[in-house]
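The values are calculated or read from the model by the stated rules, or taken from the named source; none is laboratory data. Since we're looking at a predicted model, the values are computed, not measured. Positions of Cβ are generated from backbone atoms using ideal geometry, with glycine treated the same way; all protein chains shown enter the neighbour counts.
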Amino acid sequence: MKPQILFQHSPENNFLWGVDLGGTKIEAAIIDPTRLDLALYRRRIPTEQDLGYDHILLQIKKLIEEIETISGLHRPSVIGFGTPGVTDPATGKLKNSNTQCLNDHALREDLSSTLDVQAILANDANCFTLAEATLGVARGKKVVMGLILGTGVGGGVVVNGQLLEGLHGIAGEWGHNTLRGEEAPCYCGKKGCNEQVFSGPALEHFYQKQTGQLLSLSEIVHRATTGESAAQATLKRLQEKFAEAIAVPINILDPDAIVIGGGLDNIELLYIEETRQKILPYIFNNELKTPFLKPILGDSAGVFGAALLTMK
């Protein structure tokens, strides 16, 4: 069941505030800690990343001020933020963000200063995983891996309800594992990263190279159902490369559940038995029991996970 939105509040509650910072939109929500499935208020505005880092900070400040006005509440002392990329524990600066204007900036420090709060940051895939493991489809599972398959490829890991961030802040970042025989350059400096092989844009580019047509992945999926060979080859590539790539975290974590989000989660091919059979030769076991689950929180997951960060 998706989180509900309730436009009433009790002033004695210590509400949780979260912000989901995306490449195209920024969303804020106020969550009732006694009913974590309730978003009391939500508001979103465009990121406008083309206008640069300082503009994004101003957009976030504007959003917080707007949700204060809408709710009649004053911002708390701590706000959680889901971000593309991660904070480098050694430098305090953001790294690995595909919203590249955020990289090499002390985003946590700058948000804290701009908003006069303590900002707690986590990768957007981590926030997605935390929400689905705490409130969503993987609730009650001990070890949960969340995957983001969309314009990028990312992941997060939650164990016993606790988010794993890692020594370098990169726990779950399987999107930048590399695949054998793949040479597509990645913005991270490597070649053949998962993100450059079976993200939405990578698959669209693969189809375009075969046909000369640049189509959305949803249209390619539709064409595959009509029997078009190029579309079917594109989905075959997704299936085979996903199978090879996902075996790595399965061998390392052996998770109780894997939740797939990010847009490609609607592609049924990822869940069918044929795909599971293609994964099996790559894992160190003679059977694959791990369930692959569709998220149930929808686009709420990121902002709910961000709010949950403040419960530490």
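Observations on the structure shown:
- The listed residues are 161, 150, 189, and the only one of them that is outside the structural domain of residue 57 (by TED's automatic domain parsing), over 23 Å from residue 291 (Cα atoms) and surrounded by fewer than 19 Cβ atoms within 10 Å (Cβ to Cβ) turns out to be 189.
- Residues that are more than 11 Å from residue 303 (Cα to Cα) and assigned to a strand (DSSP E or B), drawn from the stretch 27-42: 32, 35, 36, 37, 38, 40, 41
- Residue that is modelled with the lowest pLDDT, among those in the stretch 43-65 that are assigned to a helix (DSSP H, G or I) and of a type in the set (Asp, Glu): 50
- Selection status of residue 136, crowded, with 18+ Cβ neighbours inside 10 Å, of a type in the set (Gly, Ala, Ser), at pLDDT below 95 and more than 17 Å from residue 249 (Cβ to Cβ): yes
- Options 170, 220; residue that is within 20 Å of residue 23 (Cα to Cα) and either within 22 Å of the chain's Cα centre (by Cα) or of a type in the set (A, V, I, L, M) (or both): 170
- Test result for residue 246, out of contact with any Asp or Glu (no Cβ under 6 Å at 6 or more places or on another chain) and surrounded by fewer than 19 Cβ atoms within 10 Å (Cβ to Cβ): no
- Helices (runs of 4 or more DSSP H) fully within the stretch 226-312 counting 2 or more residues that are modelled with pLDDT under 95: 301-308
- Condition check for residue 226: among the polar types (S, T, N, Q) and buried (at least 18 other Cβ atoms within 10 Å of the Cβ): no
- Answer from 142, 209 - the residue that is of a type outside the set (A, V, I, L, M) and under 22 Å from residue 296 (Cα atoms): 142
- Pick from the stretch 164-186, criterion hydrophobic (A, V, I, L, M, F, W, C) and either in the same structural domain as residue 102 (by TED's automatic domain parsing) or out of contact with any His (no Cβ under 8 Å at 6 or more places or on another chain) (or both), ranking: surrounded by the fewest Cβ atoms within 10 Å (Cβ to Cβ): 167
- Number of positions in the stretch 75-93 that are in contact with a strand residue (DSSP E or B) (Cβ under 6 Å, 6 or more places away or on another chain) and either closer than 16 Å to residue 173 by Cα or buried (at least 22 other Cβ atoms within 10 Å of the Cβ) (or both): 9
- Leading residue by the ranking (nearest to residue 175 (Cα to Cα)) among those in the stretch 191-225 that are among the polar types (S, T, N, Q) and assigned to a loop (DSSP other than H, G, I, E, B): 194
- Residue 195 being surrounded by fewer than 18 Cβ atoms within 10 Å (Cβ to Cβ), on the phi < 0 side of the Ramachandran plot and not assigned by TED's automatic domain parsing to the domain that holds residue 100: no
- Residues satisfying the stated conditions in the stretch 265-312, i.e. farther than 30 Å from residue 83 by Cα and without any contact (Cβ under 8 Å) to a residue 24 or more places away in the chain: 272, 273, 276, 277, 280, 281, 285, 286, 287, 289
- Residue count for the stretch 175-190 satisfying the condition of being touching a residue at least 60 places away in the same chain (Cβ under 8 Å) and assigned to a helix (DSSP H, G or I): 1.
- Evaluation of residue 231 against the conditions (1) free of Cβ contacts under 8 Å to residues at least 24 places away in the same chain; (2) touching a His at 6+ places or on another chain (Cβ under 9 Å) shows that the sole unmet condition is (1).
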